[in-house]
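The values are calculated or read from the model by the stated rules, or taken from the named source; none is laboratory data. Owing to the predicted nature of the structure, the values given are computational and were not obtained by experimental measurement. For neighbour counting, all protein chains shown are included, and Cβ atoms are generated from backbone atoms with ideal geometry for every residue, glycine included.
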Ligand code: BES
Ligand code: ZN
């Protein structure tokens, strides 16, 4: 394919453009970056048009805009709907970055910046593959692009857009690069994502901060109490104690678990990479099972009282935490949020008042390995990585995937190329240049195989 040569000869420019995109701090969670989020949308719109789209529009929503573009060649040809996101997670804590998060640098064949992998780098591979195919008259399918700016905050407004535009979005397959592979020697295709329920809790004690000598021991301390309540959410076996939490959890057969256990995984390397002496999780499950098929609960942030320099003897009036639960197939995010709320309130002693505020959620999704789309992705990866990819369930969430199944009745092909070492959501996020270019090639081959296999 000439498109593959085109990718080789335009490598440097493809990287320069990604660098430009990474300079825009499109943090969806923080309203201070609202204007930058829009700038990133405009950047994508322009690049889609430059690459040869018939149209590319900025669609307003109640939140950040969606970029929708398409190239319709012939209605008899199959149609691929590409989904990605141009928003990124907050870059905090900034002081832990070796170079500023929105001033991309290239080091050790990797590009460092917030969003380098998740998902600007991975999403942009699609625009460059599209350009390569268009420039060489080799695009074999119709393509629709739906690139959103709210994935990292739960995709709430995308849901309305999808429901209202079912016809416009009609396609034969959905293609997404927002996941990872096992490692560069062991390519994989993601076939499972977890759901999410995210809440914020507020514990209030006395009506003002108090002197901890005058009142300590006599008045309930909201931070002590919050810690105690959080500790009660899990037992010594690592199980979540919220009544009803596991009732709908999908139970995998021994055969399915044995299949999963075949995936290459090196626990020593995993521990070494994270600098931990041991892993911790639900008893009776392996590390890959703990992230792939079991629901979990984590505190994402906790605060209250005095955290400035030095010491201040204070019994705080309030304590807060942000808590997320990762969910698996058949659990309902809305129901889990309710079960959590009822249980958490019931744990509160009379000395404090508790408020639970739901943030966002999303459902888990499992996709089939039997579809034409999966087979085309498998063949594309085999071509470019020289090895057949294995199906893998991953622990992260992409809320729109379950919604696509529900509303558009379409599975998504989760053809991602990230690695654990990319440190997505962490300081010093990066993306390997090898994976960036290999991804562009693999996506290009996907179109070819998908068109051929659909005939
Ligand atoms: N790219 C991730 C999802 C992901 C990460 C899938 C790792 C598989 C492996 C995505 O951008 C993401 O971070 N999603 C959020 C969704 C949430 C905010 C609703 C997540 O998982 O925390
Ligand atoms: Zn993310």
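Condition check for residue 128 on (1) more than 16 Å from ligand 2 (Cβ to nearest atom); (2) surrounded by 14 or more Cβ atoms within 10 Å (Cβ to Cβ); (3) more than 17 Å from residue 16 (Cβ to Cβ): one failure, at (3). Number of residues in the stretch 1-37 that are outside any strand (DSSP E or B), in contact with a strand residue (DSSP E or B) (Cβ under 8 Å, 6 or more places away or on another chain), touching a residue at least 24 places away in the same chain (Cβ under 8 Å) and over 17 Å from residue 106 (Cα atoms): the value is 4.
Inspection of the stretch 315-324 identifies at least one residue that is within 20 Å of the chain's Cα centre (by Cα) and surrounded by 17 or more Cβ atoms within 10 Å (Cβ to Cβ).
Residue check: residue 84 meets all listed conditions (1) out of contact with any strand residue (DSSP E or B) (no Cβ under 7 Å at 6 or more places or on another chain); (2) within 16 Å of ligand 1 (Cβ to nearest atom) but one, namely (1).
If you go through the stretch 414-434 and keep only what is away from ligand 1 (no atom under 14 Å from the Cβ) and surrounded by 24 or more Cβ atoms within 10 Å (Cβ to Cβ), you end up with just 430. Looking for something within 15 Å of ligand 1 (Cβ to nearest atom) and crowded, with 24+ Cβ neighbours inside 10 Å - is there at least one such residue anywhere in the stretch 90-106? Within the stretch 90-106, not a single residue is within 15 Å of ligand 1 (Cβ to nearest atom) and crowded, with 24+ Cβ neighbours inside 10 Å. Could you list, ordered by first residue, the pairs with Cβ atoms under 6 Å in which the first is in the stretch 416-437 and within 15 Å of residue 184 (Cα to Cα) and more than 15 Å from ligand 2 (Cβ to nearest atom) and the second is part of a loop (DSSP other than H, G, I, E, B) and modelled with pLDDT of 95 or more, at least 6 apart or interchain? Matching pairs, first to second residue: 433/109; 435/417.
Any residue at all in the stretch 43-58 that's free of Cβ contacts under 8 Å to residues at least 40 places away in the same chain, surrounded by fewer than 17 Cβ atoms within 10 Å (Cβ to Cβ), touching a helix residue (DSSP H, G or I) at 6+ places or on another chain (Cβ under 6 Å) and under 26 Å from residue 90 (Cβ atoms)? Yes, some residue in the stretch 43-58 is free of Cβ contacts under 8 Å to residues at least 40 places away in the same chain, surrounded by fewer than 17 Cβ atoms within 10 Å (Cβ to Cβ), touching a helix residue (DSSP H, G or I) at 6+ places or on another chain (Cβ under 6 Å) and under 26 Å from residue 90 (Cβ atoms). Scanning the stretch 266-282 for residues that are exposed (fewer than 10 other Cβ atoms within 10 Å of the Cβ) and assigned to a loop (DSSP other than H, G, I, E, B) yields 275, 277, 278, 280.
Take the residues of the stretch 175-188 that are out of contact with any strand residue (DSSP E or B) (no Cβ under 6 Å at 6 or more places or on another chain) and within 19 Å of residue 444 (Cβ to Cβ): which is nearest to ligand 2 (Cβ to nearest atom)? Lay out the reasoning, then the answer.
Applying the first criterion (out of contact with any strand residue (DSSP E or B) (no Cβ under 6 Å at 6 or more places or on another chain)) to the stretch 175-188 yields 177-178, 183-187.
From what is left, the residues that are within 19 Å of residue 444 (Cβ to Cβ) are 177-178, 184, 187.
Numbers: 177: 12, 178: 7, 184: 21, 187: 21 Å.
Only one residue tops the list, namely 178.
Would you say residue 263 is assigned to a helix (DSSP H, G or I) and either out of contact with any strand residue (DSSP E or B) (no Cβ under 9 Å at 6 or more places or on another chain) or more than 22 Å from residue 426 (Cα to Cα) (or both)? Explain how you work it out, then say what you get.
Numbers: assigned to a helix (DSSP H, G or I): no; either out of contact with any strand residue (DSSP E or B) (no Cβ under 9 Å at 6 or more places or on another chain) or more than 22 Å from residue 426 (Cα to Cα) (or both): yes.
Against the criterion (assigned to a helix (DSSP H, G or I) and either out of contact with any strand residue (DSSP E or B) (no Cβ under 9 Å at 6 or more places or on another chain) or more than 22 Å from residue 426 (Cα to Cα) (or both)), residue 263 does not qualify.
Beta carbons closer than 6 Å, at least 6 apart along the sequence or on distinct chains, pair a first residue in the stretch 360-373 that is over 18 Å from residue 407 (Cα atoms) and touching a residue at least 12 places away in the same chain (Cβ under 8 Å) with a second that is part of a strand (DSSP E or B) and within 16 Å of ligand 2 (Cβ to nearest atom) for 360/198.
Go over the candidates 83, 68 one by one and state the one that is over 18 Å from residue 27 (Cα atoms), within 16 Å of ligand 2 (Cβ to nearest atom), crowded, with 20+ Cβ neighbours inside 10 Å and modelled with pLDDT of 95 or more. Explain how you work it out, then say what you get.
Working: 68 fails: within 16 Å of ligand 2 (Cβ to nearest atom).
Criteria check complete, one pass: 83.
Only one entry in 156, 228 is within 16 Å of ligand 1 (Cβ to nearest atom) and surrounded by fewer than 19 Cβ atoms within 10 Å (Cβ to Cβ), namely 156.
Output the residues belonging to the stretch 159-171 that are assigned to a loop (DSSP other than H, G, I, E, B) and either out of contact with any helix residue (DSSP H, G or I) (no Cβ under 9 Å at 6 or more places or on another chain) or crowded, with 16+ Cβ neighbours inside 10 Å (or both).
Those that are assigned to a loop (DSSP other than H, G, I, E, B) and either out of contact with any helix residue (DSSP H, G or I) (no Cβ under 9 Å at 6 or more places or on another chain) or crowded, with 16+ Cβ neighbours inside 10 Å (or both): 165, 167, 168, 169, 171.
Residues considered: 233, 193. Of these, the only one that is crowded, with 16+ Cβ neighbours inside 10 Å and either closer than 18 Å to residue 365 by Cα or modelled with pLDDT under 95 (or both) is 193. Of the residues making up the stretch 375-386, those that are in contact with a helix residue (DSSP H, G or I) (Cβ under 8 Å, 6 or more places away or on another chain) and away from ligand 1 (no atom under 16 Å from the Cβ) number 8.
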